[in-house]
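All remarks here apply to the structure that follows.
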Ligand code: SF4
């Protein structure tokens, strides 16, 4: 394990700890969130461990999360099934409304700890560093400049900080309540760093990894592509049935709203398209996605 990275992660957590309240630690039940949970404990910083239930989490993940002491489980207002009918389109790679509604809510005005890592995607590399601040870009930049803070603007209109000197600490404390501010202590960790760290601290992690899964996200998540979605539905057929029922309700909701259903007659038709077995609806749905 790279002890330098571990030491620096602990230092960042201590440097940016809010004065008056605990951190809001975003805990998904995956390996990266186990790292931040252990790091927060090693750093001795106050923190609330919060898991946002999506309603399509694998049962293994739910059981694992429940086994973590002191975890707070947030239940969403809408299940994935109701959300699909309400949005009137299935979630797709281009339209991940479910993440926004089911996974990323909560912690408003709180300083968050995330397990975001550059190794996960180019987007994460481009948009994050030790601290990521999203929201009120003009005001935030002005404040940073007036406080003499060095920052980089990311492609999403947020700003990122890669240092924990006195100015950045004061700045983060000053603006976290009115923005969405995230401390990312393992931002530059590789997969190997993660597994070595968890092994060193005796964390067995989510049992799905031992079943050969490289990710432990939602069942049927479109981000994993057709092969992953089909593998999920072979393993969890009841969830597939629930999606088909949700697609049936979605089609009824579309009809009631006066929208076309194109080649989709049943929830099974939508499922076939969704997992990549029927390309016919794509142009129709692309139009829809522009809405
Ligand atoms: S299914 Fe995928 S895109 Fe939707 S909430 Fe889960 S992780 Fe996010």
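Bear in mind that the values in this text are calculations on the coordinates, not laboratory data. Predicted, not measured: the structure shown is a model, and the values here were computed from it. FYI the Cβ positions are ideal-geometry reconstructions off the backbone, even for glycines, and counts take in every protein chain you see.
Structure data summary
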read-out	value
Extension gain (nm, one decimal) between residue 124 and residue 153, 0.36 nm per residue minus Cα-Cα	9.1 nm
For the chain: span of alpha carbons on each principal axis (Å, largest first)	61, 45, 30
Candidates 205, 20, 79, ranked by Gaussian network fluctuation over the chain, Cα under 10 Å, top entry	20
Residue 7 versus residue 201: modelled label distance in nm, points set 7 Å from Cα along the beta carbon direction	1.8
Two-site label geometry, residue 145 and residue 263: point separation in nm, points 7 Å out along Cα→Cβ	5.3
Three principal axis lengths of region 222-276 [C-alpha, angstrom, descending]	35, 19, 16
Modelled label reach - residue 173, point 7 Å along Cα→Cβ, region 17-46 residues with backbone N closer than 12 Å	17-21
Nearest-ten-degree value, helix 137-146 long axis tilted from longest Cα axis of the chain	10
Region 37-79: relative contact order as a whole-number percent, Cα under 8 Å and 6+ apart	47
Percent of alpha-carbon pairs separated by more than 17 Å within region 7-135	63
Cα centroid separation, region 160-215 to region 60-122 (Å)	17
With Cα atoms, 0 to 90° folded angle of helix 237-256 axis to the chain main axis	70
Relative contact order, percent, the chain [alpha-carbon distance under 8 Å, six or more residues apart]	22
Fully extended contour minus Cα-Cα distance, from residue 210 to residue 77, at 0.36 nm per residue	44.7 nm
